[in-house]
Amino acid sequence: MKRIKIFDTTLRDGEQSPGCSMNLSEKLEMARQLDALGVDVIEAGFAIVSPEDFKSVEAISQTVHNCSVASLARCTKGDIDAAWGAVKGAKKPRIHVFIATSDIHMEYKLKMSREEVLESITKNVAYAKSLCDDIEFSAEDGSRSDWEFLAKCYSNAVAAGATVLNVPDTVGYSTPDEMYSLIRYLKENVEGVENVDISVHCHDDLGLAVANSLACIRAGATQVECTVNGIGERAGNASLEEIVMALHTRAAYYDAETGINTKQIYKSSKLLSSITGVPIAPSKSIVGANAFAHESGIHQHGVLANALTYEIMRPSDVGIPQNTMVLGKHSGKHALRDQLEAMGYNFTDEQMEEIFARFKILADKKKNIMISDLEALALNRRHKDLGGWQLTKHVVNVGTGIPNTAYVQLVHEGEDAEEVAIGTGPLDASFKAINRLTRMKNVNLDSFSLNAVTDGEDAIGEAVVKLNYDGEQYTGTGISTDVIEASIRAYVNGINKIKAHQKG
């Protein structure tokens, strides 16, 4: 079987998706999980974009242990210098250089001729190669480029030292047959192609990103660029979990495999959802809540007789735990740690103290503690990690014909502070009280959502807020069996992110 490399761009292309921005600590947490997942390359960001992006790429480069770390760069010396400065501390650094090659992009965006683009590729790939051994070259909008010219671009890149040639379907326009034919053409017409990896980067504008990527693998591509949960600009990217499990499940058909630890897929998906506050659709392939659920009587009968009748994968293949009761209010810290470690979560002693305290509170409210409850506690531990303000008490007074009021008490650096506010509803009043306590006057609530993350009448609710401050959007999340408390925790979490960003 041929080995397909997985190039994960969740932290670069994925983060560009509206509402999916992450702060540095969240990027590092996600990068460590991607390393555990077994991706071959993490595209950590676009270093030249801002000092914050440079800092995050640099920090990720120094954090991960197993995979390559790449930074994106345009075909300019400044971009390449910034990319190298950010990734040079990685064990396996990569510079990812790109330039557009379609006629429409060259004419209207670059305002460059074909000859100028070819010269730029030769010059800048060679410069990048003088700094770093591993160079990936991408022809932006490659799928809509003239094939003969595209082959010349890639030939120039190989001659200048590129080790990976990426073929992007930048606007998600192509079909599987077209992408298959393009890869076959390039394999036959690019000089030196036998010495490099061919990569593909497909977008999902027509819902074909995964199908296009798999077609390219059949045609001879050896690297696929994708994101966890398929997040990304516009309609998103090819979904990592779908590509990996398609190859895992249909290995004989594709004659290909990856180095991904599939049992880490579900954890990676849930972690990203928790960080960004973007829920996973129940019908989402592989990781959705309904992916292994059966309601039809015919399906249930078949699965009970033999799971293979309707399940082509086992839930355990992707790391989905069985949702059974495991702990109660009398359980101790060691039992909780053992169970979390069995689920794949490892925490410092300080983190365990905070999780255990929240576990005890939850256990007093719920009769049965399920795996999904523990998962929610583990994934939402970042509230304490952020520091800043923490919720200690809240009381709301709600009714028809009376003022809606909220009393909120927060602790900050060991000092308690309290405030009362009137609003149009319990959340409006609570958020106003928090703004006064934290002295955040220019915060706007862009959106609010509430989802049940566990089952039953005493289910844990997860609140997600999108806060706008000085033109930047910040995501706050909070969990509790009390939806008002979850909402207040989410808002405070968002405020803490704003404060942390201000401190730099």
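A compact table of results
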| quantity | calculated |
| --- | --- |
| On Cα atoms only, tilt of 483-503 relative to the major axis of the chain in degrees | 50 degrees |
| Among 149, 434, 274 the positive-end extreme of the charge dipole of the chain (Cβ point charges) | 434 |
| Rg ratio (alpha-carbon, reference 2.2 N^0.38 Å) - the chain | 1.05 |
| Percent of alpha-carbon pairs separated by more than 24 Å within segment 161-274 | 25 percent |
| In segment 339-483, lysine pairs with alpha-carbon atoms under 24 angstrom apart (chain gap of 8 or more, or interchain) | 17 |
| P(r) weight above 14 Å for segment 231-281, C-alpha pairs, percent | 60 percent |
| The chain, dipole about Cα centre (Lys/Arg Cβ +1, Asp/Glu Cβ -1), debye to the nearest 20 | 920 debye |
| Sparsely packed trypsin sites (Lys or Arg not before Pro) within segment 102-170, loop by DSSP, other Cβ within 10 Å at most 11 | 111 |
| Expected-Rg normalisation [2.2 N^0.38 Å, Cα atoms] applied to segment 111-198 | 1.04 |
| Helix 114-131 vs. the chain, principal-axis angle (Cα, 0 to 90°, nearest 10) | 70 degrees |
| With Cα atoms, 0 to 90° folded angle of helix 426-438 axis to the chain main axis | 80 degrees |
| For segment 72-87, 3J(HN,Hα) per residue [Karplus equation, 6.51 cos²θ - 1.76 cosθ + 1.60, θ = phi - 60°, Hz, x = Gly/Pro] | 6, 8, 6, 6, 9, 4, x, 4, 5, 4, 5, 4, 5, x, 7, 9 |
| For segment 62-114, diffusion coefficient by Stokes-Einstein and Kirkwood Rh (Cα), 25 °C, 0.890 mPa s, µm²/s | 197 µm²/s |
| Segment 394-504: Cα Rg divided by the 2.2 N^0.38 Å rule of thumb | 1.06 |
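No value in this document is a laboratory result; all are computed from the given coordinates. Computed from a predicted structure; not experimentally measured. Every residue, glycine as well, gets a Cβ built from its backbone with ideal geometry; the counts of neighbours run over all protein chains shown.
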